[in-house]
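Take a look at the structure below.
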There are 2 protein chains.
Amino acid sequence: METNRHDRILLAHGGGGKLTDDLIRHHILPKLKNDTLAELGDSAKLNLTSEKICFTTDSYVVKPLFFNGGDIGKLAVCGTINDLAVAGSRPVALALSLIIEEGLEFELLEKILTSISRAAAKNNVNIVTGDTKTVEAGAAEKIFINTAGVGVRLPGVDLGCERIAPGDKIIINGTIGDHGMAIISQREGIKFESQLQSDCAGIGELTCKLLECSRGIRFMRDPTRGGLAATLNEISRDSGLSIEICEGEIPINPTVQTAADMLGFDVLAIANEGKFVAIVSPESADDCLEICRNHPLGADAGVIGQVVETRDVPTVELMTRIGGRRIVQMPYGRELPRIC
Amino acid sequence: METNRHDRILLAHGGGGKLTDDLIRHHILPKLKNDTLAELGDSAKLNLTSEKICFTTDSYVVKPLFFNGGDIGKLAVCGTINDLAVAGSRPVALALSLIIEEGLEFELLEKILTSISRAAAKNNVNIVTGDTKTVEAGAAEKIFINTAGVGVRLPGVDLGCERIAPGDKIIINGTIGDHGMAIISQREGIKFESQLQSDCAGIGELTCKLLECSRGIRFMRDPTRGGLAATLNEISRDSGLSIEICEGEIPINPTVQTAADMLGFDVLAIANEGKFVAIVSPESADDCLEICRNHPLGADAGVIGQVVETRDVPTVELMTRIGGRRIVQMPYGRELPRIC
């Protein structure tokens, strides 16, 4: 069936003329509407509550575009919010940039924009500025999304690996590996695919609550690409301290574990989006855990290990369920392209 | 000749593990080094001089990657700086996000990063945060770059189309069409290609000087995609006023005009990057022009027309050299994909 050419994105929609204007005014703006964006200036003008800000960027190339628990739009909003959140700021504004392959169905674009809009509203941020480019069929795969973000740093909060000390506890706010295994299993078409669901969510509300209620938080990071293994290795390297985690304490959804075992992946190295690792002082661990467990995104939170003195080189070690110890390596990287 | 696999980007360079870390620490960081970026946090922490900021984003998909007068890296820095500049801010920080096709030569990546570094230094901004993704061969074309930017709004400066009044003068800081015609002619391989050079440059220094010295500036915009024709139509529509420009006053490089005529393009609709249109009060026009002409990026500046009352609908009209008048339409958009 031949489709009407207005059902699909044309190269000319990126040409900067009338069609670009139509695309922005009739398809993008109605979905994302807010006063700042509606000005359609070269830049958004923002009046923040502080001149101390966090600033971040992430491009999203996830494949498939839609997966159990989310889609590229929700991911692009939540991922950038989370980078702002774990750095100790309250996310306030996002910039949205689309690279669209000629021929993309408008229907698909609108589904993604609806998802972006919902995720932004849910996380109390506005899309305040944007950009749209088109490329020829074959020069990109459907759509790539970049979101950059600005957050206002929480007063009195100063997170950094240099603040970490031996004895500090390691908290994670829930099960690991859900996002990555949902994507991989969907790509592989394995049979329990439908039981796997991405944890894709914005954690800014929870991290702000934690940072406002507790002064014992030393450092936070979200274990996305490279998973918990990469994040803990980075923290160990940057703090110069070693880390011990207990296999039995790491929350893992059994279906995620089964899927990972079946496909030969280490859950520790699988990407998350909706999780944070927090390094907290020993005396604040219980309070932090309680704050987490009272929030929908922290119901499965747990203390998974602690920071210890380094004997030789900073190392991440896993205490296995059967009483052994193994080094958790920095993943090499072969694992998974296009997971986010 | 078989190339060593480390000569090229692998998918695993985007995996979030050891290879991503190598790419960032050994290839990207040394080129762009500054204290904020070197922290490699999830977000950059910035202490600005004001909580009134501008925030913008642009993705760059220009083809070819290297062209007379610039390359995708220089363009990505200058383009985003210019969006901040024309909104009335001093650009201070950029976020850099790369989407790289598997197989891209490291040598090419390093050339682009060197160019980014030079352009950032020249324009007095830092790349403070970034992201790197890889996609399979064929899923993108070599490299796409996103830059988002933060600028600090100049005190007392308030630009907006609602401030424009009949009688205001229209200033442009130099010749139009250079960027677009350099790209197109290089793609078409036309014979005087080597005489065409992109105007790609960062105009933040000049716009800051103008805004600091003159209170008569009502509005500025950079005529990128869609060229001068799109920008003037946008200004006319958003202000509700009409615009008259004089063909004989518009600075155009003769080679650009010849190339455009030969290939059937209207120079008014061709993209620029390094130009701004400023709408200024009649009494401040001479001062503004002098400030421009004393700056290397404003040597060919001129008053090209003026704002007039609207009789029927807001219209942009060109007074031709031979005494005629023609409507300058909003370009439709077919013109030119991947020009920036």
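The values are calculated or read from the model by the stated rules, or taken from the named source; none is laboratory data. A quick note: this is a predicted structure, and the numbers were derived from the prediction, not measured. With ideal geometry, Cβ positions are generated from the backbone for all residues, glycine too; neighbour counts draw on all protein chains shown.
Residues checked against (1) crowded, with 16+ Cβ neighbours inside 10 Å; (2) modelled with pLDDT under 95; (3) more than 28 Å from residue A:24 (Cβ to Cβ):
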position: B:265; (1), (2), (3): yes, yes, no
position: B:276; (1), (2), (3): yes, no, no
position: B:280; (1), (2), (3): yes, no, no
position: B:284; (1), (2), (3): yes, no, yes
position: B:303; (1), (2), (3): yes, no, yes
position: B:307; (1), (2), (3): yes, no, no
position: B:315; (1), (2), (3): yes, no, no
position: B:338; (1), (2), (3): yes, yes, no
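Those residues that are touching a Gly at 6+ places or on another chain (Cβ under 9 Å), in a helix (DSSP H, G or I) and hydrophobic (A, V, I, L, M, F, W, C), I need them from the range B:209-241; list them, please. Residues satisfying the conditions are B:210, B:211, B:228, B:229, B:230, B:232. From the set of residues in the range A:227-256 that are within 10 Å of residue A:176 (Cβ to Cβ) and away from every other protein chain (no Cβ under 12 Å), which is surrounded by the most Cβ atoms within 10 Å (Cβ to Cβ)? Among residues in the range A:227-256 that are within 10 Å of residue A:176 (Cβ to Cβ) and away from every other protein chain (no Cβ under 12 Å), the one surrounded by the most Cβ atoms within 10 Å (Cβ to Cβ) is A:256. Within the range B:117-133, the set of residues being closer than 17 Å to residue B:25 by Cβ and either away from every other protein chain (no Cβ under 14 Å) or of a type in the set (S, T, N, Q) (or both) comprises B:117, B:129, B:132. On the stretch given as the range B:54-72, residues that are surrounded by 20 or more Cβ atoms within 10 Å (Cβ to Cβ), in a strand (DSSP E or B) and hydrophobic (A, V, I, L, M, F, W, C) total 3. In the range A:94-101, is there at least one residue being surrounded by fewer than 23 Cβ atoms within 10 Å (Cβ to Cβ) and outside any strand (DSSP E or B)? Among the residues of the range A:94-101, not one is surrounded by fewer than 23 Cβ atoms within 10 Å (Cβ to Cβ) and outside any strand (DSSP E or B), which makes the answer no.
Does residue A:322 satisfy the criteria of being among the aliphatic types (A, V, I, L, M), away from every other protein chain (no Cβ under 14 Å), exposed (fewer than 14 other Cβ atoms within 10 Å of the Cβ) and farther than 21 Å from residue A:205 by Cβ? Taking the combined requirement at face value, the residue satisfies it. Taken together, A:51, A:141, A:136 contain a single residue that is facing another protein chain (nearest Cβ under 7 Å), surrounded by fewer than 24 Cβ atoms within 10 Å (Cβ to Cβ), out of contact with any Phe, Trp or Tyr (no Cβ under 8 Å at 6 or more places or on another chain) and within 27 Å of residue B:15 (Cβ to Cβ), which is A:141.
Reported count of residues in the range A:24-48, each being modelled with pLDDT under 95 and crowded, with 21+ Cβ neighbours inside 10 Å, is 2.
Before we move on, is residue A:251 at pLDDT 95 or above and more than 24 Å from the chain's Cα centre (by Cα)?
Taking the combined requirement at face value, the residue does not satisfy it.
Of all the numbered requirements in (1) in a loop (DSSP other than H, G, I, E, B); (2) of a type in the set (A, V, I, L, M, F, W, C); (3) closer than 22 Å to residue A:140 by Cα, residue B:75 misses one, and that requirement is (1). Condition first: touching a strand residue (DSSP E or B) at 6+ places or on another chain (Cβ under 9 Å) and not aliphatic (A, V, I, L, M). Now tell me which residues in the range B:2-30 satisfy that. If the condition is that a residue be touching a strand residue (DSSP E or B) at 6+ places or on another chain (Cβ under 9 Å) and not aliphatic (A, V, I, L, M), then B:3, B:7, B:8, B:13, B:14, B:15, B:20 are the ones that fit. Looking across A:106, A:144, one residue alone is under 17 Å from the mean Cα position of the chain (by Cα), farther than 26 Å from residue A:277 by Cα and in the same structural domain as residue A:22 (by TED's automatic domain parsing). It is A:144.
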